[in-house]
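K.L.:
One structure, as structure tokens, below. Some questions next.
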Amino acid sequence: MKSKRAIEEAIQTEAMQTKVAIITGANSGVGFGIAQRLLDYSSKTPSLCIRVVLACRNPTRASVAREALINEYPESLVDIVTVDLSSIDSVFKCCKEIKEKYDRIDLLFCNAGILSCEYLDWWNAIYLGFTSPISLLTESKIVAQPIGNKTIEGLGETFACNVFGHYVMVRQLEDLLSISGDARIIWTSSDACNKDYFNFADYQCIEGTNPYESSKYITDMIAIALNIRLNARHIYSFTTSPGVVATNIVGSHLGWVMDKFMKVGFTLGRICGLREETVTAWNGSYSNFIVATSPIECLNKLLKYHSRVKPWGTVYYEESSVDDYKEKEATSLLNQLDRLLDDFSKKI
Ligand SMILES: NC(=O)c1ccc[n+]([C@@H]2O[C@H](COP(=O)([O-])OP(=O)(O)OC[C@H]3O[C@@H](n4cnc5c(N)ncnc54)[C@H](OP(=O)(O)O)[C@@H]3O)[C@@H](O)[C@H]2O)c1
């Protein structure tokens, strides 16, 4: 374990490489797992110090998470910035704060996300329990998502939190990312991304039925397409999936008892060989960690990196191609997001 004093001295004498990692939604679930993994790695790597920045919407929850991380890794550097990704105004303010505080960014984890729930479809849960227990355990089919939810700024709510708020961050922080020389933007996508729910004419999925799946489809598209623009500046963009993790994203809709049932169900699924049932945030964050720490020449920016787990709990990662990726469509999407960003830049 490195002491804080030794770290500061080493940073001053430039004997230690310092990296800045920003993680959105780091106060819980997969984001918290990413923070733990980075601090663990940093504490075990003598020549490296990773400063972890928790970018969270709720300062109290962020402070609790920071305390837990410092308790686990006492000599670590953990900061907090506040951002509500559903408000582009808040994203602009957060990026301004980041630019004032840090002189480089090495890792930007676009991780925060929501899966809004209008009601839980228990009849479908029972039906799937008999007909397709695997899809019950691996997909969020019992969550009936609301249609038409918008943010106060008029954006599709899920699109704003899961995609556009992050895209604005990327665009605002591009210059700081380019200083690193090997910066990574890592998008937490999902196994549940689905082109069938995406409609270019309603890309914010305001009228559509499954805004979550649509947002994750867009995530994959733009995560890959950003490489066309950013690689020349030595910024690399990747998409990952944590598998199925028992976190608040579904748990908060279930209530205490069903949340415990969910965890047991996921664990049983894992023991029965469902390799996507990573269950814990530590396991789920593995693919993000691999993409953050592997040499760039060992990674393929056209692939998606999934966390997977063996029945007895050993975590590993798997690569898959993003079948629906079409460069032309993905570039049109980026252009569309740019136009939207221009509108906000003029307004704010
Ligand atoms: N769990 C899974 O099985 C699973 C599967 C596939 C993909 N994912 C993806 O993994 C990512 C993390 O989710 P999770 O499972 O770890 O769920 P989680 O525990 O609910 O974490 C979500 C995080 O996002 C934050 N967040 C939500 N809305 C936000 C906003 N408007 N502004 C800023 N932060 C916001 C939450 O903050 P609060 O604590 O303040 O709400 C929380 O920190 C998401 O992108 C999700 O889609 C999860």
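K.L.:
Does P295 satisfy the condition of being away from the ligand (no atom under 16 Å from the Cβ), farther than 23 Å from F109 by Cβ and open to solvent by 40 Å² or more (accessible area, probe 1.4 Å)? Please lay out each step first, then the result.
P.N.:
Values: away from the ligand (no atom under 16 Å from the Cβ): yes; farther than 23 Å from F109 by Cβ: no; open to solvent by 40 Å² or more (accessible area, probe 1.4 Å): yes.
So P295 fails the test.
K.L.:
A further question on this structure: Regarding the stretch 268-287, can at least one residue be identified that is small (G, A, S), in a helix (DSSP H, G or I), open to solvent by less than 10 Å² (accessible area, probe 1.4 Å) and in contact with a Phe, Trp or Tyr (Cβ under 8 Å, 6 or more places away or on another chain)? Step through it out loud before you land on a result.
P.N.:
First, pick out the residues of the stretch 268-287 that are small (G, A, S): 269, 273, 281, 284-285, 287.
Adding the requirement that they be in a helix (DSSP H, G or I) leaves 269, 281, 284, 287.
Filter again for open to solvent by less than 10 Å² (accessible area, probe 1.4 Å), leaving 269, 284, 287.
Now restrict to residues that are in contact with a Phe, Trp or Tyr (Cβ under 8 Å, 6 or more places away or on another chain): 287.
Looking through the stretch 268-287, at least one residue is small (G, A, S), in a helix (DSSP H, G or I), open to solvent by less than 10 Å² (accessible area, probe 1.4 Å) and in contact with a Phe, Trp or Tyr (Cβ under 8 Å, 6 or more places away or on another chain).
K.L.:
Test G154 against the criterion of being open to solvent by 10 Å² or more (accessible area, probe 1.4 Å), over 27 Å from E207 (Cβ atoms) and more than 11 Å from the ligand (Cβ to nearest atom), and give yes or no. Step through it out loud before you land on a result.
P.N.:
Working: open to solvent by 10 Å² or more (accessible area, probe 1.4 Å): yes; over 27 Å from E207 (Cβ atoms): no; more than 11 Å from the ligand (Cβ to nearest atom): yes.
Here the answer is no, as G154 does not meet what is asked.
K.L.:
Any residue at all in the stretch 58-77 that's near the ligand (Cβ under 10 Å from one of its atoms) and in contact with a Leu (Cβ under 9 Å, 6 or more places away or on another chain)?
P.N.:
Looking for residues that are near the ligand (Cβ under 10 Å from one of its atoms) and in contact with a Leu (Cβ under 9 Å, 6 or more places away or on another chain), one finds at least one in the stretch 58-77, hence yes.
K.L.:
Could you check how many residues of the stretch 209-252 are open to solvent by less than 20 Å² (accessible area, probe 1.4 Å), touching an Asp or Glu at 6+ places or on another chain (Cβ under 8 Å) and more than 14 Å from the ligand (Cβ to nearest atom)?
P.N.:
4
K.L.:
Search the stretch 88-99 for residues that are among the aromatic types (F, W, Y) and pair each with any residue that is in a helix (DSSP H, G or I) and within 13 Å of the ligand (Cβ to nearest atom) when their beta-carbon atoms are under 9 Å apart and the residues are at least 6 apart or on different chains.
P.N.:
Correct list of pairs: F92/V168.
Residue-by-condition table, conditions (1) within 25 Å of D259 (Cβ to Cβ); (2) more than 12 Å from the ligand (Cβ to nearest atom); (3) basic (K, R):
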residue: V81; (1), (2), (3): no, no, no
residue: C95; (1), (2), (3): no, yes, no
residue: I105; (1), (2), (3): no, yes, no
residue: S116; (1), (2), (3): yes, no, no
residue: W122; (1), (2), (3): yes, yes, no
residue: A125; (1), (2), (3): yes, yes, no
residue: S135; (1), (2), (3): yes, yes, no
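K.L.:
Please report, ordered by residue number, the helices (runs of 4 or more DSSP H) entirely within the stretch 19-132 with at least 3 residues that are open to solvent by 10 Å² or more (accessible area, probe 1.4 Å) and of a type in the set (A, V, I, L, M, F, W, C).
P.N.:
Numbers: elements: 29-44, 59-72, 88-101, 122-131.
Because the criterion is at least 3 residues that are open to solvent by 10 Å² or more (accessible area, probe 1.4 Å) and of a type in the set (A, V, I, L, M, F, W, C), the helices (runs of 4 or more DSSP H) in the stretch 19-132 that meet it are 59-72, 122-131.
K.L.:
Could I ask something else about it? Within the stretch 241-257, count every residue that is without any contact (Cβ under 8 Å) to a residue 24 or more places away in the chain and more than 24 Å from A35 (Cβ to Cβ). Show your work before the answer.
P.N.:
If we filter the stretch 241-257 for residues that are without any contact (Cβ under 8 Å) to a residue 24 or more places away in the chain, which is where we start, we get 251-252, 255-257.
Narrowing further to those that are more than 24 Å from A35 (Cβ to Cβ): 255-257.
Residues that pass the stated criteria total 3.
K.L.:
Which condition from (1) farther than 23 Å from G284 by Cα; (2) within 16 Å of the ligand (Cβ to nearest atom) is the one that G181 breaks?
P.N.:
Exception for G181: condition (2).
The values are calculated or read from the model by the stated rules, or taken from the named source; none is laboratory data. This one's a predicted model, so the numbers in the text were calculated from it and none came from an experiment. FYI the Cβ positions are ideal-geometry reconstructions off the backbone, even for glycines, and counts take in every protein chain you see. All accessible areas refer to the heavy atoms of the entire protein, side chains included, with ligands and DNA or RNA removed. Shrake-Rupley method; radii C 1.70, N 1.55, O 1.52, S 1.80 Å.
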